[in-house]
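Colleague: So that we are looking at the same thing, I have put the structure below in structure tokens.
The values are calculated or read from the model by the stated rules, or taken from the named source; none is laboratory data. The shown structure was predicted, so the numbers you read here are calculated from the model rather than taken from an experiment. Here the Cβ positions follow ideal geometry from the backbone for every residue, glycine too, while neighbour counts run over all protein chains shown.
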């Protein structure tokens with residue numbers, strides 16, 4: 001699988017909250033760093049468990065990805081998501097979230113992800129569209 005196909009499968013897994021599909025995009029010992037300050041999720045079972053928890057309360061998700069930047073087996077791609085998630089920050093005035101972010105990926109020769117580093121900047125109690133002309 002190439003990196004464009006991988007990103008589309010990742011997007012579909014997120015939109016459908018399919019934790020098993022998300023985990024299948026990684027090598028058996030894949031590393032998923034959902035935060036630079038927390039321990040990584042390592043292996044298919046841990047990645048699937050993280051995904052189940054992270055997406056459980058999300059609804060009305062709209063998700064776009066930008067144009068990937070590729071350097072050999074490494075790929076960087078931005079995303080822009082808007083959603084409703086009442087559990088992420090319950091004290092917010094309302095459950096709307098705007099979530100722009102970035103994935104830094106490293107792939108094996110078969111096109112499965114060996115390592116994912118994720119960075120994001122949530123804005124709570126609001127949804128904002130991406131800037132004009134942003135994304136694919």
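Colleague: Of the residues in segment 30-58, how many are without any contact (Cβ under 8 Å) to a residue 40 or more places away in the chain and outside any helix (DSSP H, G or I)?
Modeller: Of the residues in segment 30-58, 9 are without any contact (Cβ under 8 Å) to a residue 40 or more places away in the chain and outside any helix (DSSP H, G or I).
Colleague: Identify all residues within segment 64-96 that are surrounded by fewer than 16 Cβ atoms within 10 Å (Cβ to Cβ), out of contact with any helix residue (DSSP H, G or I) (no Cβ under 9 Å at 6 or more places or on another chain) and touching a residue at least 60 places away in the same chain (Cβ under 8 Å); write none if there are none.
Modeller: 67
Colleague: For segment 10-51, which residues satisfy the criterion of being closer than 21 Å to residue 135 by Cβ, over 11 Å from the mean Cα position of the chain (by Cα) and surrounded by 13 or more Cβ atoms within 10 Å (Cβ to Cβ)?
Modeller: Selection gives 25 alone.
Colleague: Could I ask something else about it? What number of residues in segment 88-118 are within 18 Å of the chain's Cα centre (by Cα) and not in a strand (DSSP E or B)?
Modeller: Counting residues in segment 88-118 that are within 18 Å of the chain's Cα centre (by Cα) and not in a strand (DSSP E or B) gives 3.
Colleague: Looking at 99, 61, 103, which one is touching a strand residue (DSSP E or B) at 6+ places or on another chain (Cβ under 6 Å) and surrounded by fewer than 19 Cβ atoms within 10 Å (Cβ to Cβ)?
Modeller: The match here is 61.
Colleague: Given 98, 57, which one is at pLDDT 95 or above and more than 26 Å from residue 4 (Cβ to Cβ)?
Modeller: Testing whether each residue is at pLDDT 95 or above and more than 26 Å from residue 4 (Cβ to Cβ) leaves just 57.
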